[in-house]
Amino acid sequence: MIIRCKKTRRFLVEIEIEEYLENLRKIGIKQEIPLKITLPCPRCHKIETYEIYENRYVYSGDKSCR
């Protein structure tokens with residue numbers, strides 16, 4: 001899954017969430033709570049928070065880096 005900046009659409013990070021979730025399923029764990037990540041965008045100078053689900057990600061908010 002590729003995550004892009006909400007404002008500039010610039011590439012921020014790529015996460016192998018599918019492989020992670022598959023490994024959890026193999027040991028009998030089901031993800032019910034989203035994985036939260038915080039990333040800085042070098043272009044718009046915001047720190048953005050995202051919630052990662054199995055097939056999508058949701059923008060949760062941002063704050064200024066400066």
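The values are calculated or read from the model by the stated rules, or taken from the named source; none is laboratory data. In this text the structure is predicted, and so the values were computed from the model without any measurement. Glycine also receives a Cβ, built like all others from the backbone with ideal geometry; neighbour counts cover every protein chain displayed. Side chains are part of the model used for accessible areas, which takes the heavy atoms of the whole protein and leaves out ligands, DNA and RNA. Shrake-Rupley method; radii C 1.70, N 1.55, O 1.52, S 1.80 Å.
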ask   = In segment 1-50, which GluC sites (Glu not before Pro) are in a loop and have at most 10 other Cβ atoms within 10 Å, using DSSP for the loop call?
value = GLU16, GLU32
task = Give me the net charge of LYS7's neighbourhood, meaning all other residues with Cβ under 12 Å from the Cβ of LYS7; Lys, Arg count +1, Asp, Glu -1.
result = +4
ask   = How long is the gain from ARG25 to GLU51 if the chain were fully straight, where each residue apart is worth 0.36 nm and the alpha carbon distance is subtracted?
value = 7.4 nm
Lysines whose Cα lies under 18 Å from that of LYS46, excluding same-chain neighbours fewer than 8 positions away = LYS6, LYS7, LYS36, LYS63
ask   = Working out 0.36 nm times the residue gap between THR38 and GLU16, then minus their Cα-Cα distance, what length gain in nm do you get to one decimal?
value = 6.3 nm
message = Under 5 Å between amide hydrogens, which residues at least 5 positions from TYR53 or on another chain qualify, with H placed 1.01 Å from N in the peptide plane?
response = VAL58
task = Kindly write out, for segment 31-38 in residue order, the coupling ³J(HN,Hα) from the Karplus curve 6.51 cos²θ - 1.76 cosθ + 1.60 (θ = phi - 60°), rounded to whole Hz, with x marking Gly and Pro.
result = 7, 10, 9, x, 7, 9, 10, 10
query = Taking H as built 1.01 Å from N, whose amide H comes closer than 5 Å to the amide H of ARG4, not counting residues under 5 places away?
reply = LEU12
task = Could you tell me the accessible area of ARG43 in Å² (1.4 Å probe, neighbours in place), rounded to the nearest ten?
result = 150 Å²
inquiry  = Out of the total accessible area of the chain (probe 1.4 Å, heavy atoms of protein only), what percent is carbon and sulfur?
reply    = 49 percent
